[in-house]
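Structure, as structure tokens:
The values are calculated or read from the model by the stated rules, or taken from the named source; none is laboratory data. Not measured: the values here are computed from a predicted model. Here the Cβ is made from the backbone with ideal geometry for all residues, glycine too, and neighbour counts use every protein chain on show.
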Amino acid sequence: MSEIFWRNLITSKNPSFGQKMLRALLRFFSVFYRFAVSLRNLLFDISIIRSAQVPAAVVSIGNITTGGTGKTPLVAWLCNYFTNHKIKTAVLTRGYKKKNDIADEPAMLAKAVPDAVILVNPDRTAAAKKAINEHNAKLLVMDDGFQHRKLARDINIVAIDATEPFGNEKLLPAGLLREPLKSLKRADAVIITRANQNSPEKIDEIKKRISNIRPDVVFASAVHKPMYIKLLKDQHLTLNELQGKKIFAFCGIGNPGAFFQTLSDMALNIVGTKVYNDHHRYTNDDIAAIYEDARYKKAQFVLTTHKDWIKTALLSIDKFQIPFASLMVELDFVEGQEKIIALINKALEKYN
């Protein structure tokens with residue numbers, strides 16, 4: 001079952017009889033998933049399984065749903081802020097589906113946070129010790145770390161996507177939730193991302209629901225702010241230079257709708273789109289198909305996310321006449337930035 005088929009299956013508002021039967025089967029398996037997740041969390045909560053402690057401030061950036069909630073821009077913002085303030089910082093990431101020794105998120109982070117150390121290792125504890133012993137890191141940022149409880153953390157930050165805050169309210173594989181919502185009691189802070197893509201009333205409802213689970217949680221909200229367009233051979237365009245141009249857009253991310261909504265908010269002329277599975281491993285045939293669709297639609301640009309651009313740029317270079325571009329975004333806080341910084345500074349004080 002492909003990810004796209006699965007997402008359409010579990011989120012369809014008017015399921016067919018066959019889809020209803022498949023959903024029932026997924027709910028059956030979801031019962032076993034819930035049991036396994038709950039048991040694992042219980043074993044950590046009562047210290048039968050212990051989390052490893054390290055002598056540095058550990059900040060986990062994670063989420064409670066599958067798919068893209070904006071963790072990578074959040075990690076980049078946090079690392080750049082503290083490296084700019086002369087704090088030796090390391091990112092601990094497991095990587096994902098390496099190809100030619102490059103994984104998509106680590107490759108993005110390496111470019112986005114040039115002054116931080118990027119350590120790719122599924123064993124976060126081993127990576128943490130290496131960051132401390134070999135790089136003298138004082139702040140360890142664990143990318144996608146909410147469910148990875150083997151390494152103790154000082155602060156748990158959870159990114160909640162305003163467009164899909166709680167998925168479809170069901171656990172995997174029947175829904176998008178990685179854990180029951182009650183697991184948010186472990187969160188010290190919640191950052192609501194893409195806050196501009198939902199109404200203030202809906203944002204307030206999200207906060208109220210989370211506060212019922214963790215009353216003292218710290219809230220912040222942020223948007224993914226488009227900055228410029230990146231082309232091959234390190235060329236850049238301003239956002240205004242895309243206005244009026246015919247654009248074919250594609251992506252392979254956890255929440256493709258949010259990417260396309262961003263393009264819509266920019267009032268771009270999107271003549272066609274294509275969606276791939278999250279972390280899709282692009283081939284030459286994929287790129288040829290994208291460009292064939294773009295040519296058929298008479299597109300003047302092919303536009304994608306930076307994550308997808310990193311994985312496809314070399315496959316497209318010098319092969320096609322339509323410019324192949326990436327939308328570059330950065331995290332821009334709407335509120336609560338100072339609260340997040342204060343939390344992390346307090347954690348850092350313990351290790352000075």
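Of the helices (runs of 4 or more DSSP H) entirely within the stretch 1-100, those holding at least 2 residues that are more than 25 Å from the chain's Cα centre (by Cα) occupy 17-45. Restricting the first member to the stretch 1-15 and to residues that are surrounded by fewer than 15 Cβ atoms within 10 Å (Cβ to Cβ), and the second to residues that are in a helix (DSSP H, G or I) and modelled with pLDDT of 85 or more, the beta-carbon pairs closer than 7 Å and six or more apart or on different chains are SER12/GLN19.
Here's the yes/no breakdown for (1) out of contact with any Cys (no Cβ under 6 Å at 6 or more places or on another chain); (2) in a loop (DSSP other than H, G, I, E, B); (3) over 29 Å from GLY95 (Cβ atoms):
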site	(1), (2), (3)
TYR282	yes, yes, no
ASP285	yes, no, no
TYR291	yes, no, no
ARG295	yes, no, yes
ALA299	yes, yes, yes
THR304	no, no, no
TRP309	yes, no, no
GLN321	yes, yes, yes
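Note on the stretch 271-295: among residues that are among the charged types (D, E, K, R) and touching a strand residue (DSSP E or B) at 6+ places or on another chain (Cβ under 8 Å), the one that is modelled with the lowest pLDDT is ARG281.
A quick yes/no check of all residues on (1) under 19 Å from the mean Cα position of the chain (by Cα); (2) part of a loop (DSSP other than H, G, I, E, B); (3) at pLDDT 95 or above:
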| residue | (1), (2), (3) |
| --- | --- |
| ALA126 | no, no, yes |
| LYS130 | no, no, yes |
| MET142 | yes, no, yes |
| VAL158 | yes, no, yes |
| GLU164 | yes, yes, no |
| GLY175 | yes, yes, no |
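Results for (1) in contact (Cβ under 8 Å) with a residue 12 or more places away in the chain; (2) in a helix (DSSP H, G or I); (3) surrounded by fewer than 16 Cβ atoms within 10 Å (Cβ to Cβ); (4) β-branched (Val, Ile, Thr), shown as yes or no for each residue.
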residue: ARG209; (1), (2), (3), (4): yes, yes, yes, no
residue: HIS224; (1), (2), (3), (4): yes, no, no, no
residue: PHE248; (1), (2), (3), (4): yes, no, no, no
residue: ILE270; (1), (2), (3), (4): yes, no, no, yes
residue: THR273; (1), (2), (3), (4): yes, no, no, yes
residue: ALA288; (1), (2), (3), (4): no, yes, yes, no
residue: THR312; (1), (2), (3), (4): yes, yes, no, yes
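Taking first residues from the stretch 332-352 that are among the polar types (S, T, N, Q) and partners that are not in a helix (DSSP H, G or I), the Cβ contacts under 7 Å between residues at least 6 apart in sequence or on separate chains come to GLN337/ALA220.
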